[in-house]
Structures are given as C-alpha cells and as structure tokens.
Amino acid sequence: MRAFVVTEVDGSLYLGVEDREASASSSDDVLVTVEYSGVNFKDALVASVGGRVRRVASLIGGVDAAGVVAHSSNEEWPVGTRVAVHGGDLGVARDGGFASSLYTPARFLSALPDSVSTRDAMIVGTAGFTAMASVLALEHHGIDTSGEILVTGASGGVGSLSLTFLSVRGYRAVASTGSLEQSDWLIQRGATRVIERDQIADKPDRVLGTERWSGAIDCVGGETLHHILRSLQYGAAVAASGLVASAELHTNVYPFITRAVSLLGIDAVEARSHTRSAVWDAIGEVAPNIDFSALVDQAVSLEELPESLDKIRRSQTRGRILVEPNR
Ligand SMILES: NC(=O)c1ccc[n+]([C@@H]2O[C@H](COP(=O)([O-])OP(=O)(O)OC[C@H]3O[C@@H](n4cnc5c(N)ncnc54)[C@H](OP(=O)(O)O)[C@@H]3O)[C@@H](O)[C@H]2O)c1
C-alpha cells in the first residue's frame, strides 16, 4: 500500500510516500481500509525535527482516519462497519492514517452515525471531535444560549468547527481571530460577530476584566486563556484544548474564587468509548444541517502532504485540510 512516512535520522527529517505493508501490533488489531484522513496541528508537530510529540524515529503519519473495517476478529467491529479512527498513539508512536489502510486497537474506533459520511468524518476529524467535546462540556456545565460564547483560533480546525457546532445548536458565537480578512468566512461558518485577537485583553491593569462571555472555547492557550479567565461572567466556563500560542498559563485564583468560573480540560486523545460515542452521536445529530464541504481549505494527496503540513505549521489554513490517500 502507499503511505506517507516521516523519518528522522541524525537530526534530519525525511518526508515521502513509500510502499509499505500495513502491520498489526497485536492479533486483536482491526484492519481499516482508509478512505480519508485529515491534517491536524499535531501532525505538523510529528513532522518536525526534535519535537517531543513523535515518539519513534520513523512511522506512517496521520493522527486520524475514516474508512471501513476490512478485517476483524472482534464481534463488536464486524467487517463493513464505517468508522472514524483517532486517539492514543496513532500517528505519534504507531502507524497512522496517511495510508490506504491501517491496523488499530479497537479502543481507537468510533462507529459513524448514518448521517456522517467517511468524508464528512475527516472534515470533522480530531479537530471537530474536540470542538464538539468542548460544546458538550459547556452544556454539561449548564451554559445556555442566552449569552455570547467566545471562540479563539477561529479560522483553524477546532475554532471553525466550534463556530459551526455552536451555531447549529442555537448559541451566539463570537470569533476571535488574527486573520480579520477571514471575517466573512467566519460569519458564514456561524459566528455572530468577529473580533481581532488583541481585543480579548480587557482592563489588563486590573485584577479582573469586564464580565463579557457566558462561555468560551479556547485552543490557543497562554496569554489568551489567561485573558479569557479574567473576562468570563459569574459562573461561566472555558473549555480549553490547545496550545498554539503557548503551553504556559500564568493566572491567579480571583476568577475562580470571586466569579466561580471553571476551567474545563478537553482531551480527544485518551477519550473513553462512552465519550467518543456521545461526541460522534452529537455530531451525527447536527450533520444534516451542516455544509461540511465549506469547511475544506483544500483536499490533498499523500504527495502533497509536506506543503500542507508546512501550511498548518505557519497557521495559513482556513478550516480543514482533507487527505485523500487513494488519489
Ligand atoms: N486536547 C486535544 O485533545 C486536542 C485535539 C485537537 C487539537 N488540539 C489542539 O488544539 C490546537 C488547535 O488545533 P487545530 O487543529 O485547530 O490547529 P489549526 O487548524 O492550526 O488552528 C489554530 C488556529 O489558532 C490561531 N493561532 C495560531 N497561532 C496563534 C498564536 N500564536 N496566537 C493566537 N492564535 C493563534 C489561528 O487562527 P486565527 O488566525 O483565526 O487566529 C490558527 O488557525 C492545537 O494546539 C492542537 O494541538 C488539542
């Protein structure tokens, strides 16, 4: 089969398409015929020299994929089941989705709702899964549709899908972006208004900012997350999943002890099967109301991946990059 391989030797990185056999780590592994994959921010970290995300010297990249079960000894995952595959060490320490097939442990599998095609599933991908997990976390916290929800990194994968999911579930989503030229596109994706990312900082000389947001979805981290915590309304929450700006968080306890705000951690990687089912079911519910194709920045072949990885590394994407491994 054809596969996009990332190899690091003596501090040099080699990226290219090779002929490889799909290999199982265990006899319990399920073989999936891959129809689509997607490019995530994490894939760019895996395809970087000396990064700490990739944990082996050489592997087939791709932290997610969607396709059909081709071989399985597991009764829960019969041949022909349409699935999304993501999480664990897929594309990080074991072969991932940038290939025409892959072996995976069953715990990384999610059955796709009937309303979600394998193509739609990889337009959603790990980024969209994280977006819907964030929306569900805010709802579980009790946040209703009365106020405004801030979404940071809005033109990226997690951000744009958060806008889309919030909008179809009846929320007013405010897009924060460093790419104001994408404002029209962000409004079309579901934002009720767009602000420049510098506008998140409010009254920086005071302990707390104005109570602006009834909730927030943040994939940026660092100073952005600090400013969100200072500007949440009483009892509000931020669902935090990312670190594109920084993994550091410098804050104080005032938002928590005087405004009862909550910091909700979102993880797509080790999500348990009941969480995966709940998130994909929620995506299935809203799917008929979403034009997923409008979220595709570009569709690429395995050969085109180096350019796409570079693009996402430099934050030049809008929405999602879809990978067609059989093109
Ligand atoms: N917790 C989990 O399980 C999980 C799952 C998926 C993703 N993530 C994380 O979520 C983050 C986003 O992933 P993604 O796939 O959506 O990435 P992405 O498509 O590259 O989007 C990131 C967006 O963040 C904004 N941005 C970039 N650099 C920034 C900076 N220095 N300061 C402020 N904003 C900046 C840009 O949007 P604008 O131009 O609109 O500002 C960019 O499009 C990553 O850190 C990723 O690792 C975590």
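The values are calculated or read from the model by the stated rules, or taken from the named source; none is laboratory data. What you see is a predicted model, and the numbers here were worked out from it, not measured in a lab. For neighbour counting, all protein chains shown are included, and Cβ atoms are generated from backbone atoms with ideal geometry for every residue, glycine included. The area values use the complete protein model at the heavy-atom level, side chains included, leaving out ligands, DNA and RNA. Shrake-Rupley method; radii C 1.70, N 1.55, O 1.52, S 1.80 Å.
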Worksheet item: What is the Cα coordinate range of region 82-213 on the first, second and third principal axes, sorted by size from largest, in whole angstrom?
Response: 53, 31, 30
Fill in: Accessible surface, per residue, of the chain when the full set of protein chains is kept, probe 1.4 Å, Å²
42
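Kirkwood hydrodynamic radius, computed over distinct alpha-carbon pairs, for region 1-156: how many Å, to one decimal?
On the way: mean 1/r = 0.0601 Å⁻¹.
Radius from the Kirkwood sum: 16.6 Å.
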Practice prompt. Between THR258, THR224, THR33, find the one with the highest GNM mean-square fluctuation for the chain; connect C-alpha pairs within less than 10 Å.
Written response: THR258
Fill in: Value in Å of the Kirkwood radius, where region 151-248 supplies the Cα pairs that are averaged
13.3
Item to complete: Mind telling me which of VAL300, VAL34, VAL124 comes out most flexible in a GNM of the chain, alpha-carbon contacts under 10 Å?
Response: VAL300
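Tell me, what is the percent relative contact order of region 193-327, built from C-alpha pairs under 8 Å that lie six or more residues apart? All intermediate terms of the calculation are to be shown ahead of the outcome.
Working: 174 pairs, mean separation 22.6, N = 135.
Answer for region 193-327 is 17 percent.
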Worksheet item: What translational D, rounded to a whole number of µm²/s, comes out for region 266-311 from Stokes-Einstein when the hydrodynamic radius is the Kirkwood one over Cα pairs, at 20 °C and 1.002 mPa s?
Response: 159
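Counting Lys and Arg as +1 and Asp and Glu as -1, what is the net charge of the other residues whose Cβ lies under 13 Å from the Cβ of LEU302?
Working: positive: ARG2, ARG20, ARG327; negative: GLU18, ASP19, ASP43, GLU303, GLU304, GLU307, GLU324.
Here the count lands on -4.
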Discussion item. Could you derive backbone 3J(HN,Hα) for region 9-18 from the dihedral phi with the Karplus parameters 6.51, -1.76 and 1.60 (θ = phi - 60°), listing whole Hz in sequence and x where the residue is Gly or Pro?
Written reply: 10, 6, x, 10, 9, 10, 10, x, 8, 10
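Once the other residues with Cβ under 15 Å from the Cβ of ILE143 are scored (Lys, Arg +1; Asp, Glu -1), what is the net sum? Show your work: numbers first, answer last.
Details: positive: ARG169, ARG172, ARG212, ARG259; negative: GLU139, ASP144, GLU148, GLU211, ASP218.
Counting the neighbours of ILE143, the net charge comes to -1.
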Worksheet entry | Rg and Dmax of the chain, Cα atoms only, in Å | 19.6, 61
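Taking every eigenvalue of the Cα gyration tensor of region 187-327, multiplying by 5 and rooting it, what semi-axes result, largest first, whole Å? Mind showing how you got there, number by number?
Values: eigenvalues 205, 73, 49 Å².
Ellipsoid half-lengths, sorted descending, are 32, 19, 16 Å.
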Practice prompt. Please report the Cα spread of region 152-194 along all three principal axes, rounded to whole Å, starting with the longest.
Written response: 25, 17, 13
Worksheet, complete the sentence: Share of accessible surface on carbon and sulfur in the chain, whole %, 1.4 Å probe and ligands ignored, is 47
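Taking the Cβ of ARG169 as the center, what net charge do the other residues with Cβ under 15 Å away carry, scoring Lys and Arg +1 and Asp and Glu -1?
On the way: positive: ARG172, ARG189; negative: GLU139, ASP144, GLU148, ASP281, GLU285.
Result for the neighbourhood of ARG169: -3.
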Worksheet, complete the sentence: Of the candidates VAL79, ALA111, VAL34, the farthest towards the positive dipole end of the chain (Lys/Arg Cβ +1, Asp/Glu Cβ -1, centred on the Cα centre) is ALA111
Response to the item:
If one builds a Gaussian network model of the chain from Cα atoms under 10 Å apart, the most fluctuating residue listed among ILE149, ILE312, ILE187 is ILE187
